Structures are given as C-alpha cells and as structure tokens.
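Trainee: I have a structure here, written as structure tokens, and I will follow up with some questions on it.
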Amino acid sequence: MTKPERRQSIARKHHHVPRSYLQNWGTANGQVFFSRHGVVNTLPTNPANLLAKRDFYRMPLLTERAIRFLGQYVERSFADPHVRAHAKNILYAYVSFSRLEVCVDKLPLASASTKEQVRRTGTTVGEHYLSRIENRATTVLEELRRGNVTVLDSEEAEDFFLFLGIQFLRTRTAREGISQAVEISLPDAGSFAKGVEQVLAHIHGETMGGLLYSQRSGHRGIVLQNDTDRAFVSGDQPIINLLAPLDDSAPTKTVLYYPLSPYRAFLWLPKAVGRALRPVSSEMVKDLNVWIADASHECVIGNSLAAVEAVEVQRPFRRPEMARWIVP
C-alpha cells in the first residue's frame, strides 16, 4: 500500500521586520533581549519568536466596494502619470488574485487540491515578494554596516531605497495608521475596508522607495558610528521619520533614521540640514533609542538586558532636540 502524500507545510508566521535584521542584535547564541509594551523581559529569545503575526501578508479578499474605493484613491492621489500607472499595476495584482480566489472557491468543477493550491499561494506570495526585496538590498546594507556610504552611488542603491520604502510601511504600526486614516475619511469603512490598508501600504511603500531614489541628489546618507557606553536599540517600527509631526498629520519634511546594529545606524537627510553631524554621544544614542521606543507598536529589541532597560519613554512623548546634533 502506498503512503498518502504528505502535504508540505507553509510558513504562516509572517515577520513584519526581517529576522535577518533582528539577528544583528543577537547575543553569542543568537538570541535578543526585548521589551513588550514597556515591560522588559529578563530572558532573551530567538528572533524568530518576535515581530511576527500569523498570515500578516496573506493576499486579502477584497470586496467590490473596496476595489472601487482603491481605484478612485489611486486616480486622485498620484498626479505623476508614471507613478499612477505603477500604483494601478500593484492594485491590479491584488484585485486579480482576490477575484481569482473567490471564483475558484465557488467553482463547482474546481478540485479540492486546486482550491487548496490557490489558498496556499495567497498565503505565501506576499512573504516571497518581501524576501526578494530584502535579498536585493543585502549588498548595500552590509556596506553601510561597514560604514561605507559611497555604496549609495552604486547600481544597487535603487534596490536599497525600495527596501527602505517597503520596510517603512510594511509594519503593524504603519498598517494601523493607514486603517485609522481610512476610517476617518470613511466612517462606514469597517463594513468593506478589510485588506484596503494592506494594498495601500504596498502602493505607498513602493512609491516612497521610488521617491527616495529619485530625490537622492538633494540628500545625503550618514552612518552613525556608536562608540559610546550605550548601544542602539531597534523595534517593530525600525525606520522612522525624525521630523514626523507628533499629531500624526502628514509630514512635510523627512529625516529617516534606521538603526543597523547596536553600533551603527543610518541617517538619510536633506543636504540643506546643516553641514555635518557632531560626534555620536551617549546622549544622542539615548534620544534616538527613545524615538524608536515611542514609534514601536509593542516591542523594543536590544543586544543586552541593560540596553533595553535603559530605554524610557515619557508620556506625552517629548521630541528630542535634533538641532543640537547638527553643525550649522
């Protein structure tokens, strides 16, 4: 008797921050320290256990009303015809798969294995896309961790900026912010908007990446070398805009901060913002860590218990004074 074919398992724990990134804070045995909602866990854990949610990137099943809303949103939100066309292509991919899955599920002639394959594809395709984005940015990220900012002039820089835009908007914090904005503009959105925030996060992530790349001549990248007694921490919103308004309104200026490891971090800022940064101080690291903690959805991670315990966020949040870091 032949044995029944074993169904291959699929990954349903979707990390909204790459595990490979979290490993930069790993101890000698690869574990990281963390706090959750401000409560410090005294024991470290494997990065695979953190910053993940079941089926977070599963392709959403969109209602027809949601599809109409998204189509209208794209038409009115992107003045540049090339950007609008790209946004439409992203939307088309989501709409096509959503309609395909609904159709196959209702099709009497579709076999159970066919329906299962479509469902499995919907569960994994988002993760596979993000893995490709992460892999293509690896070269630039490794060079930045070595302190080499000239890599931003290389051909690989376009992949890196796409990664930045996607990572900025792929998190739970970003998704919830988009959901809240949709609910404010459409009070009855809850009845049809499931999945809308995922599509908008993808569209705006790619748009942001393209904008960062196209405007790079007016900006500069700086790698902060941390030789102080304080380590950089990171969190579940690892890329933040240091100039984002505290009232959650749309930002008009951008200085991106992205910790790369406990000892190096990346800043992307307009060339008009000062001539240079002052040397990294313990106070600067403290301020940046507080910023990361304030922006986090629930988790802050560090390379030691002391690093995580040292992060304190005051409520209401008071923005550190960035001007004191800059040589005018």
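Every read-out reported here was derived from the displayed coordinates using simple, explicitly stated rules and does not represent laboratory data. All figures in this text were calculated on a predicted structure; none of them were measured in a lab. Note: ideal-geometry Cβ built from the backbone for every residue, glycine included; neighbour counts use all protein chains shown.
Trainee: If you work out Cα extents along the principal axes in Å from the coordinates, which of [x] 61, 45, 40; [y] 62, 55, 46; [z] 68, 56, 42 do you get?
Mentor: [z]
Trainee: Round to a whole angstrom and tell me the spacing of the C-alpha centers of region 117-173 and region 263-286.
Mentor: Computed from Cα coordinates, the inter-centre distance equals 23 Å.
Trainee: Same structure again: Classify region 31-116 as rounded, prolate or oblate, taking a ≥ b ≥ c as the square roots of the eigenvalues of its Cα gyration tensor: rounded when a/c is under 1.5, otherwise prolate if a/b is larger than b/c and oblate if not.
Mentor: Taking the square roots of the gyration eigenvalues as a ≥ b ≥ c, region 31-116 is oblate.
Trainee: Using Cα pairs under 8 angstrom and six or more residues apart, how large is the relative contact order of the chain, in percent?
Mentor: 21 percent.
Trainee: Efficiency by 1/(1 + (r/R0)^6): what FRET value for R120 and E283, r their Cβ-Cβ distance, R0 = 35 Å, to the nearest 0.05?
Mentor: 0.10
Trainee: Oh, and also: May I ask for the net charge around L169, where only other residues with Cβ less than 14 Å from the Cβ of L169 are counted and Lys, Arg are +1 while Asp, Glu are -1?
Mentor: -1
Trainee: Quick one: compute the contact order of region 24-103, relative version, from alpha carbon pairs under 8 angstrom and 6+ residues apart, as a percent.
Mentor: Normalised by residue count, the contact order of region 24-103 is 24 percent.
Trainee: Would you calculate the separation in nanometres between label points at L186 and D153, each defined as 7 Å from the Cα along the Cα-to-beta-carbon direction?
Mentor: 4.7
Trainee: Which lysines, if any, have their Cα less than 30 Å from the Cα of K106, not counting same-chain residues under 8 positions apart?
Mentor: Cross-link targets: K13, K53, K88, K115, K194.
Trainee: May I pose another question? Taking the Cα-to-Cβ direction at D55 and at R12 and moving 7 Å from each Cα, how far apart do the two end points lie in nm?
Mentor: So the label points at D55 and R12 sit 0.7 nm apart.
Trainee: Report the local net charge at H15: Lys and Arg +1, Asp and Glu -1, summed over other residues whose C-beta lies under 9 Å from its C-beta.
Mentor: +2
Trainee: May I pose another question? What order, most packed first, do the peptides 250-258, 299-307, 13-21 have when packing is the mean number of other Cβ atoms within 10 Å of each residue?
Mentor: Highest mean packing first, the order is 299-307, 13-21, 250-258.
Trainee: Which part of region 287-308 falls in the paramagnetic zone of T27, meaning amide N under 19 Å from the point 7 Å along Cα-to-beta-carbon?
Mentor: Hits in region 287-308 for T27 at 19 Å: 300-308.
Trainee: Charges at C-beta only: +1 for Lys and Arg, -1 for Asp and Glu. How large is the resulting dipole of the chain about its Cα centre, in Debye rounded to 20?
Mentor: 600
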